[in-house]
Amino acid sequence: MSTTPRMLRVGAAQLGPIAKDEPRADVVERLRSLLAQAGTHGVELVVFPELALSTFFPRWYTEDISGHDHYYETEMPSAETQPLFDDAKRLGIGFALGYAELTPEGERFNTTVLVERDGTIVANFRKVHMPGHDDDQPWRPFQHLERRYFQESDEGFPVHRAFGGIVGMATCNDRRWPETYREMGLQGVELIMIGYNTPIHYAPDPGQNALQGFHNHLCMQAGAYQNGTWVVGVAKGGTEEGVESLAQSAIIAPSGQIVAQAVSTGDELIVADCDLDWCANYKDTLFNFATYRRPELYQRITSQKGVIEPD
Ligand code: CDV
């Protein structure tokens, strides 16, 4: 057993708003500036938000979805994103970057690419839980058309040996679902990277607006604690094209405690030293799945009772 702690210095690179007409090259420069800042702090892994290369375009309806093609990447890296990969290699900093993916087969995914410190791609993760709607709903003050512009991935939540540990990814709405963390927890995950775009106004039930910050941390802290893993949650926050979005990016320990949190709603880097061996304190004790987790018992009870409808 290793006696040297596996310490990973992680940066959560929160972004402020990206305007609809902000050129991709300018956005990449903002990301590079955060990477450079991370370099001065000795960071080894930087996590950027969901759809970090453009404005959150699912807020606009287009009859013909190809009208939004310019927001998607058809290759990663591309000529415009290559500087990020070059920086990664030169600085020895890996990164996770959310982007809209358009495949050669015409499939559209809300994807995050994970890049190692030598600039090589570890994996692409495609968002599973797709929120919002697929039709125009003019009653809303703004649309949330992710279900129109992206398909749900059926690739699940794989984990990867990288950055000296076992790491995985999830995207925005995925963070609200316990299965996301548990799927990776069952594979021994030690650090989960999550980018998000969360408008403060939730049109189907505005009563939730005041709770956005609470719910954001609630689900990520619970996911971290119940699976003994680090969670890095990174926002694109602030008021983008008239829509106010939650910031409050956070780095969360396997204890469920927030160890670093953004204080602004703009471009901001927060840093934490993540001891990956801390995960074992939870995975080998209270949440020792092999000893204490009993799915065979839950399944029997569920199948006996079935779904109980309200009166
Ligand atoms: N981009 C997202 O997935 N946003 C969702 C919705 C519900 C606002 C979220 O869970 O934050």
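The values are calculated or read from the model by the stated rules, or taken from the named source; none is laboratory data. Note that the structure is a prediction, hence the values are computed from the model and not measured. No Cβ is skipped: glycine too gets one built from the backbone with ideal geometry, and neighbour counts run over all protein chains shown.
Checking the stated criteria, SER66 turns out not to satisfy the condition of being touching a residue at least 40 places away in the same chain (Cβ under 8 Å) and out of contact with any helix residue (DSSP H, G or I) (no Cβ under 9 Å at 6 or more places or on another chain). Scan region 148-166 and tell me whether some residue there is buried (at least 17 other Cβ atoms within 10 Å of the Cβ), without any contact (Cβ under 8 Å) to a residue 40 or more places away in the chain and either assigned to a loop (DSSP other than H, G, I, E, B) or within 16 Å of the ligand (Cβ to nearest atom) (or both). Yes, the conditions are met somewhere in region 148-166. On inspection, MET184 does not qualify as within 12 Å of the ligand (Cβ to nearest atom), assigned to a helix (DSSP H, G or I) and in contact with a strand residue (DSSP E or B) (Cβ under 7 Å, 6 or more places away or on another chain).
To keep it simple, each residue is scored yes or no on (1) among the aliphatic types (A, V, I, L, M); (2) out of contact with any Leu (no Cβ under 6 Å at 6 or more places or on another chain); (3) within 16 Å of the ligand (Cβ to nearest atom).
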residue: GLY67; (1), (2), (3): no, yes, no
residue: MET76; (1), (2), (3): yes, yes, no
residue: ALA88; (1), (2), (3): yes, yes, no
residue: TYR99; (1), (2), (3): no, no, yes
residue: PHE109; (1), (2), (3): no, yes, yes
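Taking the options PRO49, PRO17, name whichever one is closer than 26 Å to TRP139 by Cβ, touching a residue at least 24 places away in the same chain (Cβ under 8 Å) and crowded, with 16+ Cβ neighbours inside 10 Å.
Matching residue, one of PRO49, PRO17: PRO17.
What pairs come out if I take residues in region 126-140 that are β-branched (Val, Ile, Thr) and pair them with residues that are modelled with pLDDT of 95 or more and assigned to a loop (DSSP other than H, G, I, E, B) whose C-beta lies under 9 Å away, six or more apart or interchain? Filtered contacts from region 126-140: VAL128/GLU152; VAL128/SER153; VAL128/ASP154; VAL128/GLU155; VAL128/GLY156; VAL128/PHE157; VAL128/TRP177.
What strands (runs of 3 or more DSSP E), lying completely within region 187-248, carry at least 2 residues that are within 12 Å of the ligand (Cβ to nearest atom) and either touching a residue at least 24 places away in the same chain (Cβ under 8 Å) or more than 17 Å from the chain's Cα centre (by Cα) (or both)? Of the strands (runs of 3 or more DSSP E) lying wholly inside region 187-248, those with at least 2 residues that are within 12 Å of the ligand (Cβ to nearest atom) and either touching a residue at least 24 places away in the same chain (Cβ under 8 Å) or more than 17 Å from the chain's Cα centre (by Cα) (or both) span 191-196, 230-235, 243-245. Apart from one condition, VAL113 fits all of (1) under 27 Å from GLN37 (Cα atoms); (2) surrounded by 21 or more Cβ atoms within 10 Å (Cβ to Cβ); (3) out of contact with any Leu (no Cβ under 7 Å at 6 or more places or on another chain); the exception is (3).
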